[in-house]
Structure formats: C-alpha cells, structure tokens
Amino acid sequence: MSSSNYQTVTSTVQLGKIARAARKKQGLTQLDLAGLAGKSNRFLIDLERGKETLQMQMVIDVLALLGLELVIKEKS
C-alpha cells in the first residue's frame, strides 16, 4: 500500500466519516453492511457518527469488512 492511501485519524468522528465513505463507495446501505457484519443497524449509525464508546473489536471487524485496516505508528 502506498503512503497516499493512508489517512491520519485523530477523532472517532473522523474514523466514522472514513467508514461511511468506504461503505458508500462500495454501494452498501447501512442495513446492508449491518447484515454482512452481523451487527445492528444502530451500531453502524453510531460508528458513522463517531460515537466514542463503541467496542474496539467490533469497529475493527467492520473496518476489515470494508477493506480497511487500522495501522498504528509512532509520531515522527
């Protein structure tokens, strides 16, 4: 993956916007993605709105389903 494909995320709202954009790019509704992920539609709404208290593993699972991965690196 080239560095141009990376985005720095500094908030849950930003992460939610990235997830929403990926979902829409794939032509999926929130209900479609919820069904594929085995999650509730409410979870997808909360994720895309940037709710701060979502379970991390569930977020990572949905991101992976969208073809996204979470990468952690030290600040330079």
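The values are calculated or read from the model by the stated rules, or taken from the named source; none is laboratory data. What you are looking at is a predicted structure, and each value in this text was computed from that prediction instead of being measured. Using ideal geometry, Cβ is built from the backbone for each residue, glycine included, and neighbour counts are taken over all protein chains shown.
Among residues of segment 1-13 that are over 16 Å from LYS75 (Cα atoms) and at pLDDT 95 or above, those with a beta-carbon under 9 Å from a residue that is of a type outside the set (Gly, Ala, Ser) and in a helix (DSSP H, G or I) at least six positions away or on a different chain give the pairs THR12/LEU47; THR12/ARG49; THR12/VAL59; VAL13/ARG49. Taking VAL71 as meeting all but one of (1) surrounded by 14 or more Cβ atoms within 10 Å (Cβ to Cβ); (2) in a loop (DSSP other than H, G, I, E, B); (3) among the aliphatic types (A, V, I, L, M), write down the number of the exception. VAL71 satisfies every listed condition except (1). In segment 24-43, the qualifying residues are those that are in a helix (DSSP H, G or I) and among the aliphatic types (A, V, I, L, M), and the one that is farthest from GLY67 (Cα to Cα) is LEU31.
Residues that are at pLDDT below 95 and β-branched (Val, Ile, Thr) within segment 36-76 comprise VAL71, ILE72, listed in sequence order. On the stretch given as segment 36-76, residues that are free of Cβ contacts under 8 Å to residues at least 12 places away in the same chain, among the acidic types (Asp, Glu) and more than 13 Å from VAL9 (Cβ to Cβ) total 2.
Checked against the criterion of being part of a loop (DSSP other than H, G, I, E, B) and either over 15 Å from ALA19 (Cβ atoms) or out of contact with any Asp or Glu (no Cβ under 6 Å at 6 or more places or on another chain) (or both), segment 58-67 has at least one qualifying residue.
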